[in-house]
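Asks: Could you have a look at this structure, given as structure tokens, before my questions?
No lab work stands behind these numbers, since they all come straight from the coordinates. Small disclaimer: the values here were computed from a predicted structure and weren't measured. Please note: Cβ atoms are built from the backbone with ideal geometry, for glycine as well, and neighbour counts cover all protein chains shown.
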Amino acid sequence: MSPKQTSSKKFLNYLWTGIFSVFYPIIMAFSLLFVGLVWVFSTLSWLLTSLYYKIFPGQGKAADKPVAPNWQSFFSTDNFQLERLLKEEIMFGPAYYKLRAMPNNVESLAKGFFGDFKYPCFDGVLLQKFNTIIPKELPDFDLVFLNLKTGQLKYIETIKSFSWSVEESGRGIIVRWQDEGETFELRLTQERLLHA
């Protein structure tokens, strides 16, 4: 290394040290000022909130407490009503509900978790009953039929697919779904759903 390079390197080190020494107190003062301003505004916000609750007692307290979910109407006919209660909603996935029948609760409904799918047909309604609420094991549900006259819940088929549909076809219903690139089709008739 030549003496010229060594002296220029020393000069740059002295210059950098000098600049840092001059600006370090300014940087520290700015940091302390910023922290102080944050503390002032935080304290001011806390004082104003406390003052508001003293002037208007009871205001805003209900919003602080989590609201328990309520039973909501899900499906109804002249003499039968289904209500649902949200239990959990998986991010980017389905919502799980508990169902109950009014006026007489169907025992088999109370034991499972159901989706928000319903398809009324043949004196009953098709429902989506989940076998698991573990996100890794989705999709996995049973298509079931609730007979509105007898209150019986009947298993139809286990479906492991997010891509499925139900449509009317003549005197019956066709359920289609895809699983690993293969398309499946299930034909449901009134006789199959009500008499088995």
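Asks: Can you give the charge dipole size of the chain about its Cα centre, rounded to the nearest 20 debye, using +1 on the beta carbon of Lys and Arg and -1 on the beta carbon of Asp and Glu? Mind showing how you got there, number by number?
Replies: Numbers: 21 positive and 19 negative charges, 241 e Å.
Once rounded to the nearest 20, the dipole reads 1160 debye.
Asks: With springs only between Cα atoms under 10 Å apart, run a GNM on the chain and tell me which of LEU99, LEU148, LEU15 wobbles the most.
Replies: Ranking LEU99, LEU148, LEU15 by mean-square fluctuation puts LEU15 first.
Asks: Then there is this: Positive end of the dipole of the chain, charges at C-beta (+1 Lys, Arg; -1 Asp, Glu), about the Cα centre: which of LEU48, GLN152, TRP177 has its Cα farthest in that direction?
Replies: LEU48
Asks: Mind telling me which of PHE74, PHE114, PHE41 comes out most flexible in a GNM of the chain, alpha-carbon contacts under 10 Å?
Replies: Checking each option, the largest mean-square fluctuation is seen for PHE41.
Asks: Mind checking the alpha-carbon convex hull of region 66-108 and giving the volume per residue in Å³? Spell out each step's value before the answer.
Replies: Details: hull volume 4.0 nm³, N = 43.
Each residue corresponds to 92 Å³ of Cα convex hull volume.
Asks: Taking the chain as the reference, fit the longest principal axis to its C-alpha atoms, fit the long axis of helix 3-55 to the helix C-alpha atoms, and give the angle between the two in degrees, 0 to 90, nearest 10.
Replies: 50 degrees
Asks: Springs between alpha-carbon atoms under 10 Å, Gaussian network over the chain: tell me which of ARG176, ARG100, ARG84 tops the mean-square fluctuations.
Replies: ARG176
Asks: Right, here's the next one. Of LYS87/LYS160; LYS111/LYS136; LYS87/LYS154; LYS129/LYS160, which ones are farther than 20 Å apart at the Cα? It would help to have the intermediate numbers written out before the result.
Replies: On the way: LYS87/LYS160 22 Å; LYS111/LYS136 22 Å; LYS87/LYS154 23 Å; LYS129/LYS160 12 Å.
With Cα atoms farther than 20 Å apart: LYS87/LYS160; LYS111/LYS136; LYS87/LYS154.
Asks: R0 = 22 Å: FRET efficiency of LEU33 with TYR53, Cβ-based, nearest 0.05?
Replies: Given R0 = 22 Å and the Cβ-Cβ separation, E is 0.10.
Asks: Here's something else I'd like to know. Which of LYS10, LYS154 comes first, and how do the rest follow, when ranked by fewest Cβ neighbours within 10 Å?
Replies: LYS10, LYS154
Asks: Please pull out the direction-averaged projected area of the chain, using the convex hull of its alpha-carbon atoms, in nm² to one decimal place.
Replies: So the mean shadow area of the Cα hull is 25.6 nm².
Asks: Can you compute the FRET efficiency between GLU157 and ASN104 using 1/(1 + (r/R0)^6), with r the Cβ-Cβ distance and R0 = 41 Å? Round to the nearest 0.05. Please list the in-between numbers first.
Replies: On the way: r = 27 Å, r/R0 = 0.66.
Once the sixth-power term is evaluated, E becomes 0.95.
Asks: Mind listing the Cα extents of region 147-196 along all three principal axes, in Å, largest one first?
Replies: The Cα atoms of region 147-196 stretch 37, 23, 15 Å along their principal axes.
Asks: Per the Kirkwood treatment, what hydrodynamic radius in Å, one decimal, follows for region 3-63 from the mean inverse distance over all distinct Cα pairs?
Replies: 16.1 Å
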